Amino acid sequence: MVFEDKKRIQIQELKEMSLLPSYVEECEREYSERVDGIAAKIVEAGVPVVLVTGPSASGKTTSSKRLARSMTRLGKKTSVLSLDNFFKNLEDYPKQKNGEPDFEHLHALDVDAVNRCLNELTTTGSTWIPMFDFVTHKSVPHATEVRVDDSSAVVIEGIHALNPELSIGVNPDLMIKIYAGLRTEYYESRKRVIATRDLRITRRIIRDERDRGHSPEGTLALWKNIMAGEEKWIKPFKPDADYLLNTALDYEPCLYSADLEKMFTEGKGGKFSDELGTLAENFGKTGSISMDLVPSDSLLREFIGGLDLGES
């Protein structure tokens, strides 16, 4: 498929738009329309399995849930399954050169189990999904049954969802593949000030400090390996996607300037202080929008907290 060019927004334009009370609502409506449009095409196609991938902090998890909600409203009851359920025990992960577990590697997943489940779903309409305990980093002896039929479907999301090793032997006509990614960047004249990767690392910094107890320094320390993993394991399969789901909300930079500045002044960047300072400076050039204005079902709530998608 042909992917749309990235949208360029001038920083001054963003500052002016951020003053309008309707701006958040407008951006959220545009995202919802993109989700609903793809959902309608999937329902029309009648496939039982939807695969969703995207790089770190692209919003693929909440987008998958929003997609399932839209499909359900269109009469195709849809559940969401994470490939995280298929992680191997930590000691069985492939290793990086430094001997540390490689969390980004395809074979951190039980590839054979994923392949078996996809084949069973698309041939018999039923499979059993394993469970993974992120506290012990071990697969646990429990499983959940997942069923699909003509009136239902399952959305399977994860960074490796489009890797063809997972779907060997699966009829491609019974799957739709989606790549979730941001398509908006911010400029001062011809100079790019905030790239999509800057938005993604900022999303992770905000989320990881709040939900995972990770310092901004710790998140920034991981970013190089995460980016390398994306180049090896995610982006090569982007051209195989049937649809690109644009997960950008154009007002987003206006949410983070105060938090980034506070983290920087408190020294939370550690040895990555320069990187954090650059983010704080660039996001500080935008307008400011209160997080209180972000709807509870917004994709951005995956990162700033307070996500509530209600009943599907």
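Computed values, structure above
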item	result
Condition check for SER56: within 23 Å of GLY181 (Cα to Cα) and out of contact with any helix residue (DSSP H, G or I) (no Cβ under 6 Å at 6 or more places or on another chain)	no
Odd one out for VAL193, checked against (1) closer than 30 Å to ARG116 by Cβ; (2) in contact (Cβ under 8 Å) with a residue 60 or more places away in the chain	(1)
Filtered residues of the range 206-258 (kept if polar (S, T, N, Q) and either farther than 20 Å from ILE194 by Cα or touching a Pro at 6+ places or on another chain (Cβ under 9 Å) (or both))	SER215, ASN225
Residue that is surrounded by the fewest Cβ atoms within 10 Å (Cβ to Cβ), among those in the range 131-161 that are touching a Pro at 6+ places or on another chain (Cβ under 7 Å) and farther than 23 Å from GLY54 by Cα	ALA143
Residues satisfying the stated conditions in the range 166-190, i.e. more than 11 Å from LEU51 (Cβ to Cβ) and of a type in the set (S, T, N, Q)	ASN171, THR184, SER189
Whichever residue in the range 108-125 is assigned to a loop (DSSP other than H, G, I, E, B) and of a type outside the set (Ser, Thr, Tyr) and, among such residues, is surrounded by the most Cβ atoms within 10 Å (Cβ to Cβ)	ASP110
Hits in the range 236-258 - residues which are crowded, with 16+ Cβ neighbours inside 10 Å, in a helix (DSSP H, G or I) and at pLDDT 95 or above	PHE237, LYS238, GLU252, PRO253, CYS254, LEU255
Entirely in the range 1-107, the helices (runs of 4 or more DSSP H) that have 1 or more residues that are within 30 Å of VAL140 (Cβ to Cβ) and among the charged types (D, E, K, R)	60-73
Residues within the range 266-294 that are in a loop (DSSP other than H, G, I, E, B) and more than 19 Å from LYS60 (Cβ to Cβ), tallied	11
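The values are calculated or read from the model by the stated rules, or taken from the named source; none is laboratory data. Bear in mind that the values here come from a model prediction, so they are computed numbers and not experimental data. Every residue, glycine as well, gets a Cβ built from its backbone with ideal geometry; the counts of neighbours run over all protein chains shown.
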